[in-house]
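Trainee: First the structure, then my questions, so here it is.
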Amino acid sequence: MIADDVNEMLAALRRIGGEPSGVEAKRAAEGLPKSVRETLSAFANTDGGTILLGVDEQSGLTLVELTDPAGLRNALVQMSRDDLTPPLRISTEIVEVDGHRLVVAEVPAAPADQRPVYVTAQGTARIRPPA
């Protein structure tokens, strides 16, 4: 995904005033939020989706400074492999938008024979069907 694609996505999110079902924005300025595990699982169990790290939904989808985008990207990839069953293979990039580096992750839908994808530490009891 290139910066123009991310800019278009952000513009669309701002127009609709939030996140549609296939996009999740996370501030992540203080590090990788643990709630991303549930997002990874939800996207894998549905149609897939895009995670944007470095975007603050609470302040109108503004961009925030990430101190270590490469470390954040690596932690996200590791989380997708180590914290989920079955492990996920996600695609990640660091994209510069308006002078800010964002981490963008594309989460594919898991094949039907590999579902449900769940947070390993929580087991399958916490899986909720998609709305």
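The values are calculated or read from the model by the stated rules, or taken from the named source; none is laboratory data. Everything numeric in this text was worked out from a predicted model, so none of it was measured. We place every Cβ from the backbone using ideal geometry, glycine too, and count neighbours over all the protein chains shown. Just so you know, the surface numbers come from the protein's heavy atoms only, side chains and all, with ligands and any DNA or RNA stripped out. Shrake-Rupley method; radii C 1.70, N 1.55, O 1.52, S 1.80 Å.
Trainee: In whole Å, largest first, what are the principal axis extents of the Cα atoms in region 58-131?
Mentor: That works out to 41, 25, 22 Å along the principal axes.
Trainee: Using only helices, what value at 222 nm comes out for the chain when you add -39,500 (n - 2.57) per DSSP H run of length 4 or more and divide by the total residues, to the nearest 500 deg cm²/dmol? Working shown, then result.
Mentor: Numbers: 3 runs with 38 residues, N = 131.
The per-residue figure over the chain is -9000 deg cm²/dmol.
Trainee: Give me the accessible area of Lys34, 1.4 Å probe, in Å² rounded to the nearest 10.
Mentor: So the heavy atoms of Lys34 present about 140 Å² to solvent.
Trainee: Heavy-atom accessible area of Asp68 with all protein chains present, probe 1.4 Å, nearest 10 Å²?
Mentor: Its accessible surface works out to 90 Å², give or take rounding.
Trainee: Excluding ligands, DNA and RNA, what is the solvent-accessible area per residue of region 29-119 at a probe of 1.4 Å, expressed in Å²?
Mentor: Working: 4350 Å² over 91 residues.
I get 48 Å² per residue for this part.
Trainee: Something else: Can you compute the charge dipole magnitude of the chain about its Cα centre, using +1 on each Lys and Arg Cβ and -1 on each Asp and Glu Cβ, nothing else charged? Give it in debye, rounded to the nearest 20. Present the calculation step by step, with values, prior to reporting the outcome.
Mentor: On the way: 13 positive and 19 negative charges, 107 e Å.
Here the size comes out at about 520 debye.
Trainee: What number do you get for the chain when its Cα radius of gyration is normalised by 2.2 N^0.38 Å, N = residues?
Mentor: On the way: Rg = 14.2 Å, N = 131, 2.2 N^0.38 = 14.0 Å.
Taking N as the residue count of the chain, the ratio is 1.01.
Trainee: Hey, any idea what % of the chain's accessible area is carbon plus sulfur with a 1.4 Å probe?
Mentor: Values: 3370 of 7100 Å².
So the carbon and sulfur contribution to the accessible surface is 47 percent.
Trainee: If you don't mind, there's one more thing I want to ask. Based on the Kirkwood radius over alpha-carbon pairs, what is the Stokes-Einstein translational diffusion coefficient of region 1-58 at 4 °C with 1.567 mPa s viscosity, in µm²/s?
Mentor: Working: Rh = 12.0 Å.
Estimated via Stokes-Einstein, D reaches 108 µm²/s.
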